[in-house]
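To start, the structure itself, in structure tokens.
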Amino acid sequence: MKKLDFQRLMDDSRFMKVLSVGVAILFWFVVAFTISPTITTTVSDVPITISGSNETLSSVGLDVVDGQNRTVRVKVEGRREVVGSLKPSDIVVYPVLTSVTEAGKYTCSLRAVKADSAADFTILSVSPEQVELTFDRVKTLKTELSVAVSGYTAEEGYILGSSAANPKEITVKGPESAVDQVAKAEVRLDGKDTKLAKTAKVEAEVRLYAADGSEIELGSTLSVDTPKVQVTIPVLKKATLPLKVAFTNLPSGLDGSALQYDLSETAIQVAGPAETVDRMTAITLGYVNVLDFDYKNGYTFQVQDQLPTGFVNLDDFDSVAVSFGSRYDGGSFTVSNINVINAPENYDISVVTRRLYGVKFVGLRGDIDALEGTDIVAEVDGSSIELKNGQYNVPVQLSTTSGAMVWPTGSYEVVVKVSAK
């Protein structure tokens, strides 16, 4: 191994240059950190901070609407190793707001403090020393979001439904003077001749408009809580479906499908979500309570009230009349055949009422004409009676022994006597 020849290194000009630079750097560190450890420097891009809970602004109901997003430079002094690593977040710069008493523009002095009061450096100055800020009363406005859609069409056999935005409402916030100019919030979509075969969802930007139709620009002072919303463009499938009515409170043995009626409209053209339309065989207009059967006047049902969610009526009628013609009739009867069923073992239940008068039945005209009071049976269900000695009014269930297409309307009671055996 060759020995290191220091003499040759000393004679090498390149080595001497490198050595000189290294020695100079070493001496600089020695001077900087021992002889002159304190330096002055400037921290740039320090933001101006205005607390949302500032007492001065809160007391007069104002807020900063312009000028608060500026930055400043702060001159500091301290040990080189401390100030050399300072960041804008290590300093808090705030305006003095004691002169702010009403809405308007103010020139406010700036103050700077250390974010950490224990930090070992000194703040010397702020540049600029003042800032111009605009103050106003901040107002919020909740408004419905309208939707304007153009340039979209539906495939054959479909139609476009009413487009809707989600959310349906937005909140506008900003200076009172600016918010008061807002007359409408809207999203606008242009499909540029797009043809749809299924429901589409499109993201769109919210726009604000004044009463004269001019657009109001959103910015640092005027904002909305939801700048972009999702717009649903429904694509509805067309179909023609038969109409019908249903009957409720049918007595045992009475088949509702056997009850005949006439409709002013027997079918309707609608449009709705394809998955729902494909499952439907008819639309039920409403329900007829047979216990309150108005066979003389019939019924009228509003179509839109009975359509499933998301359906629209494509026909030119809004209501359908249900009539029964001369098929049905009614009569009043006296019932003396009153029995107790499901009687308890330890109590006697006797019927005090001997006859029920004015019992009303309706049904097919021919069956009503042939019905007699002796064909009607009134039954008291003993299992539903409170088992205490005494007399009570209790309901009865009415039926016929004739097998005719008839049924009772209204409700009826008899008096029974309960006594322990």
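Below, the figures for the structure above:
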{"item": "Filter result for residue 19 (at pLDDT below 65 and farther than 30 Å from residue 120 by Cβ)", "result": "yes"}
{"item": "Test for residue 291: is it surrounded by 11 or more Cβ atoms within 10 Å (Cβ to Cβ), outside any helix (DSSP H, G or I) and not assigned by TED's automatic domain parsing to the domain that holds residue 396", "result": "no"}
{"item": "Test: residue in the stretch 87-104 that is at pLDDT 95 or above, aliphatic (A, V, I, L, M) and more than 42 Å from the chain's Cα centre (by Cα)", "result": "yes"}
{"item": "Any chance residue 359 is more than 21 Å from residue 295 (Cα to Cα), assigned to a strand (DSSP E or B) and either free of Cβ contacts under 8 Å to residues at least 60 places away in the same chain or touching a helix residue (DSSP H, G or I) at 6+ places or on another chain (Cβ under 7 Å) (or both)", "result": "no"}
{"item": "Candidates 206, 277, filtered to the one that is surrounded by 16 or more Cβ atoms within 10 Å (Cβ to Cβ), under 17 Å from residue 312 (Cα atoms) and touching a residue at least 24 places away in the same chain (Cβ under 8 Å)", "result": "277"}
{"item": "Failed condition for residue 246, given (1) in a strand (DSSP E or B); (2) surrounded by 14 or more Cβ atoms within 10 Å (Cβ to Cβ); (3) among the aliphatic types (A, V, I, L, M)", "result": "(2)"}
{"item": "Residues within the stretch 68-102 that are within 13 Å of residue 41 (Cβ to Cβ), in a loop (DSSP other than H, G, I, E, B) and touching a strand residue (DSSP E or B) at 6+ places or on another chain (Cβ under 8 Å), tallied", "result": "3"}
{"item": "Pair list, Cβ < 6 Å and 6+ apart or interchain, from the stretch 104-128 residues that are assigned by TED's automatic domain parsing to the domain that holds residue 88 and loosely packed, with under 13 Cβ neighbours inside 10 Å to residues that are in a loop (DSSP other than H, G, I, E, B) and at pLDDT 95 or above", "result": "none"}
{"item": "Positions within the stretch 371-391 being closer than 17 Å to residue 340 by Cβ and either in contact (Cβ under 8 Å) with a residue 60 or more places away in the chain or of a type in the set (A, V, I, L, M) (or both), in sequence order", "result": "376, 377, 378, 380, 385, 387"}
{"item": "The stretch 392-421, residues that are in contact (Cβ under 8 Å) with a residue 40 or more places away in the chain, of a type in the set (S, T, N, Q) and either at positive phi or touching a helix residue (DSSP H, G or I) at 6+ places or on another chain (Cβ under 6 Å) (or both)", "result": "409"}
{"item": "All positions within the stretch 351-404 that are out of contact with any Pro (no Cβ under 7 Å at 6 or more places or on another chain) and among the aromatic types (Phe, Trp, Tyr)", "result": "357, 392"}
{"item": "Selection count, the stretch 152-177, where residues are surrounded by 19 or more Cβ atoms within 10 Å (Cβ to Cβ) and free of Cβ contacts under 8 Å to residues at least 60 places away in the same chain", "result": "2"}
{"item": "Restricting the stretch 249-274 to residues that are at pLDDT below 95 and in contact with a helix residue (DSSP H, G or I) (Cβ under 9 Å, 6 or more places away or on another chain), the residue that is surrounded by the fewest Cβ atoms within 10 Å (Cβ to Cβ)", "result": "256"}
{"item": "Some residue of the stretch 218-226 being in contact (Cβ under 8 Å) with a residue 60 or more places away in the chain, outside any helix (DSSP H, G or I) and in contact with an Asp or Glu (Cβ under 8 Å, 6 or more places away or on another chain)", "result": "yes"}
{"item": "Search result, residues across the stretch 65-86 that are among the hydrophobic types (A, V, I, L, M, F, W, C) and modelled with pLDDT under 85", "result": "65"}
{"item": "Residues within the stretch 129-151 that are in contact (Cβ under 8 Å) with a residue 60 or more places away in the chain and under 30 Å from residue 72 (Cα atoms), tallied", "result": "8"}
{"item": "Subset of the stretch 300-332 that is under 20 Å from residue 360 (Cα atoms) and of a type in the set (Ser, Thr, Tyr) - its residue that is nearest to the chain's Cα centre (by Cα)", "result": "328"}
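The values are calculated or read from the model by the stated rules, or taken from the named source; none is laboratory data. This is a predicted model, so every value here is computed, not measured. For neighbour counting, all protein chains shown are included, and Cβ atoms are generated from backbone atoms with ideal geometry for every residue, glycine included.
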